[in-house]
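The block underneath contains the structure these notes are about, expressed in structure tokens.
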Amino acid sequence: MEKELPKIDLPEEWIVGTGISKELLSLYTNFPCRIKSEIFVLCMSGEVEASVNLNRIIVRANDFVTIMPGTILQIHSVKGEMELYFGGFSSKYVEQANLNRSTMNTLYITLGRPLITLRQEGAALLKDYLCFLIKLYEFFNENTRKFITPHLYNNIHIGIAAMYSNRANENKSNLSKSEILCKNFTQLVMQNYNKTRNVAWYAEKLGITQTHLCTTVKQATGNTCMEIISRMVIMDAKSQLKSTNLSIQEISDSLNFANMSFFGKYFKRYVGMSPLDYRNNG
């Protein structure tokens, strides 16, 4: 049975499928929507023009797209006979999943460049893999699917990080100074977001002015420096609130907030509820 791509979130921990139609994609053309889940799409034919976090992309045959939680998506046009394969993890699962190194690598590697073009052979292999996952999904019942979710989650993120890293290494000589700076900044954030949220500190580490850093990152990713830093802080905080028994004070300390009150205000500003409310009701 073909699975439709849900409008905002996924109804199960993970879903994989095909058969995304022009009619379904057209639901996204009237207005941008925020995607809560994490979604991966492989295009084997057809063409989709879209905006991902205000960055315009055109998805064609052999293209692979990673859509991270919180992404603002809008479809502008759909052309040709579509052959799309997709997989994804629900926001509920992503927020409770352990943010291990492969997951973190995927987060910063795909930031600002959700699309990569694969060689034809590579795209064919990935299609075979997704078709295999579709068969697994249809064969197992929901309880068994839940059991294998953590293994699948880790394996997919390792694979995606490897694909993007390989493509980046191949294109290293073609990277502009702005792209190199943005990559260095996001990597630095990944290593230090739980120590400091001070943009000036990152600029100093990179040997440039804060203004130059902010302007370059905004142009390259569509996000401000603070949005990138806060996204990592909030994802980590959400993960700890849902997947650990640590107290809110301990989580606040682990993210280097001055006190629990400041952490609570920071969390509520980005999430819309207090850490305690999110743990109990989010």
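Any read-out appearing in this document is the output of simple, stated calculations on the displayed coordinates, not a laboratory observation. The structure presented is a predicted model; accordingly, all values stated were derived computationally and were not measured. Glycine also receives a Cβ, built like all others from the backbone with ideal geometry; neighbour counts cover every protein chain displayed.
Extension gain, Asn259 to His151: 0.36 nm times the residue separation minus the Cα-Cα distance gives 35.3 nm. With the helix formula -39500 (n - 2.57) applied to DSSP H stretches of n ≥ 4, the chain reaches a computed 222 nm mean residue ellipticity of -17000 deg cm²/dmol. Which of Ser91, Ser239, Ser77 moves most in a GNM of the chain, Cα contacts under 10 Å? Fluctuation is largest for Ser77.
Each Lys and Arg Cβ is given +1 and each Asp and Glu Cβ -1; about its Cα centre, region 149-282 then shows a dipole of about 180 debye. Partners of Lys218 within straight-line reach, counting aspartates and glutamates whose Cα lies under 17 Å from its Cα and excluding those fewer than 8 residues away in the same chain: Glu179, Glu227. For the chain, which DSSP H helices look membrane-span-like by this rule: Cα extent along the axis of 15 Å or more and mean Kyte-Doolittle of at least -1.0? Membrane-span-like by this criterion, though nothing is claimed about a membrane: 120-139, 142-170, 177-192, 210-221, 225-243, 260-271.
With a ≥ b ≥ c taken as the square roots of the eigenvalues of the C-alpha gyration tensor of region 137-282, please select rounded if a/c is under 1.5 and otherwise prolate if a/b is larger than b/c or oblate if it is not? Please list the in-between numbers first.
Working: a/c = 2.58, a/b = 1.14, b/c = 2.26.
Because a/c hits 1.5 or more and a/b fails to exceed b/c, region 137-282 counts as oblate.
Contact order for region 163-264, expressed relative to its length and based on alpha carbon pairs under 8 Å spaced 6+ residues apart, stands at 24 percent. Result for the chain in a Gaussian network model with C-alpha springs under 10 Å: among Asn223, Asn141, Asn184, the largest mean-square fluctuation is at Asn141.
Taking 7 Å steps out from each Cα toward its Cβ at Gln96 and Ile208 produces label points 4.1 nm apart. A Cβ-based charge dipole, computed about the Cα centre of region 206-258 with Lys and Arg at +1 and Asp and Glu at -1, lands at about 200 debye. In terms of the Cα gyration tensor, with a ≥ b ≥ c the square roots of its eigenvalues, is region 185-233 rounded because a/c is under 1.5, prolate because a/b exceeds b/c, or oblate? Here region 185-233 falls in the oblate category. Just checking the listed ones, Pro114, Pro11, Pro69: in the Gaussian network model of the chain with Cα springs under 10 Å, the one fluctuating most is Pro11. Candidate cross-link partners of Lys22 among the lysines, defined by an alpha-carbon separation under 16 Å and a same-chain spacing of 8 or more, comprise Lys3, Lys7, Lys79.
Coupling constants for region 35-44 follow from the phi torsions by the Karplus curve (6.51 cos²θ - 1.76 cosθ + 1.60, θ = phi - 60°), and in residue order they are 8, 7, 8, 10, 10, 10, 10, 10, 9, 9 Hz; glycine and proline get x.
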